[in-house]
1. Against the condition touching a Leu at 6+ places or on another chain (Cβ under 9 Å) and either open to solvent by 10 Å² or more (accessible area, probe 1.4 Å) or of a type outside the set (D, E) (or both), how does H137 come out, does it pass?
2. Residues in region 189-203: is at least one in a strand (DSSP E or B), touching a residue at least 12 places away in the same chain (Cβ under 8 Å) and open to solvent by less than 50 Å² (accessible area, probe 1.4 Å)?
3. If T103 meets every condition in (1) under 21 Å from G11 (Cα atoms); (2) open to solvent by 60 Å² or more (accessible area, probe 1.4 Å); (3) polar (S, T, N, Q) apart from one, which number is that one?
4. Determine whether V88 is over 18 Å from M189 (Cα atoms) and either aliphatic (A, V, I, L, M) or crowded, with 20+ Cβ neighbours inside 10 Å (or both).
5. Hey, among the residues in region 25-40 that are in a helix (DSSP H, G or I), open to solvent by 50 Å² or more (accessible area, probe 1.4 Å) and free of Cβ contacts under 8 Å to residues at least 60 places away in the same chain, which one's farthest from D184 (Cα to Cα)?
6. Is there a residue being at pLDDT 95 or above, farther than 20 Å from L92 by Cβ and over 11 Å from the mean Cα position of the chain (by Cα) anywhere in region 180-188?
7. Residues to consider are R43, R22, R63; find the one that is over 23 Å from A179 (Cβ atoms), over 17 Å from the mean Cα position of the chain (by Cα) and in contact (Cβ under 8 Å) with a residue 12 or more places away in the chain.
8. Here are the criteria: (1) farther than 19 Å from I181 by Cα; (2) under 18 Å from the mean Cα position of the chain (by Cα); (3) without any contact (Cβ under 8 Å) to a residue 24 or more places away in the chain. Tell me which single one A138 does not satisfy.
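The values are calculated or read from the model by the stated rules, or taken from the named source; none is laboratory data. Computed from a prediction, not measured in an experiment: that's the story for all the values here. Cβ coordinates were reconstructed from backbone atoms using ideal geometry, including for glycine residues, and neighbour counts include every protein chain displayed. For accessibility, only protein heavy atoms count, side chains too; no ligands or nucleic acids. Shrake-Rupley method; radii C 1.70, N 1.55, O 1.52, S 1.80 Å.
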Amino acid sequence: MLTAIIDYESGNLHSAEKAFQRMAREMDAGEVVVTSDADVVARADRLVLPGDGAFPACAAELRGHKGIYDAMVEAVEQKGRPFLGICVGMQLMATTGHEYQDTPGLGWIGGDVVKITPADPALKVPHMGWNDLVIDHAHPVFDGIQSGDHVYFVHSYHFRVASPAERLAHVDYAGDVTAVIGRDTMVGMQFHPEKSQATGLRMIGNFLTWKP
């Protein structure tokens, strides 16, 4: 069992690598590698797409690494490999991102990535720090997780999902902010599970053992 964390030069992958490797050992879930090799992406059993920074820059970097991009799309769309997007990696699953400019996403889950606009003007953007998950729909990545568990966010934009069935969890920040999305073999987390202590580690372990 091989899990590939895709390195397309859009984020510091060290903490994600350590968290996924730790949970792979604990769950006996095989090997985890960080890779920029398209052949490794193509043969991986699971794929993780992180992302830090602005949506347009991450989208351009991902598409600029054509070999990785093509291998990832084929693995997810044609082979049905389990896929996890984290932070901007989750946002890239959208139809369109609206950060700075309109930028096409992967189009895997319908919706738009838009700026967070809390109803309370006293709340700052970016939305940064710990917040309580509200689980909207059951999913295997939530095994052992319940509404009220804390996860760690750092973001100014969030995923406005077209279909409510594909928003799996949200948080309240003077208005709903999407936290987890998913359908079929794909799931995305706006927060950083690798920085979310026990809750995040549990969700990483759940992904590594998920058999959609």
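1. Working: touching a Leu at 6+ places or on another chain (Cβ under 9 Å): yes; either open to solvent by 10 Å² or more (accessible area, probe 1.4 Å) or of a type outside the set (D, E) (or both): yes.
Yes.
2. yes
3. Failed condition: (2).
4. Values: over 18 Å from M189 (Cα atoms): no; either aliphatic (A, V, I, L, M) or crowded, with 20+ Cβ neighbours inside 10 Å (or both): yes.
Taking the combined requirement at face value, the residue does not satisfy it.
5. Restricting attention to region 25-40, the residues satisfying the condition of being in a helix (DSSP H, G or I) are 25-26, 38-40.
Subsequent filtering for residues that are open to solvent by 50 Å² or more (accessible area, probe 1.4 Å) retains 25-26, 39.
Narrowing the set further to residues that are free of Cβ contacts under 8 Å to residues at least 60 places away in the same chain leaves 25, 39.
On the way: R25: 26, D39: 24 Å.
Only one residue fits best here, namely R25.
6. The first filter runs over region 180-188 and keeps only residues at pLDDT 95 or above, leaving 180-188.
Restricting the remaining residues to those that are farther than 20 Å from L92 by Cβ gives none.
No; the residues of region 180-188 include none that is at pLDDT 95 or above, farther than 20 Å from L92 by Cβ and over 11 Å from the mean Cα position of the chain (by Cα).
7. Numbers: R22 fails: over 23 Å from A179 (Cβ atoms); R63 fails: in contact (Cβ under 8 Å) with a residue 12 or more places away in the chain.
Checking each option against the conditions leaves just R43.
8. So A138 meets the others, but not (1).
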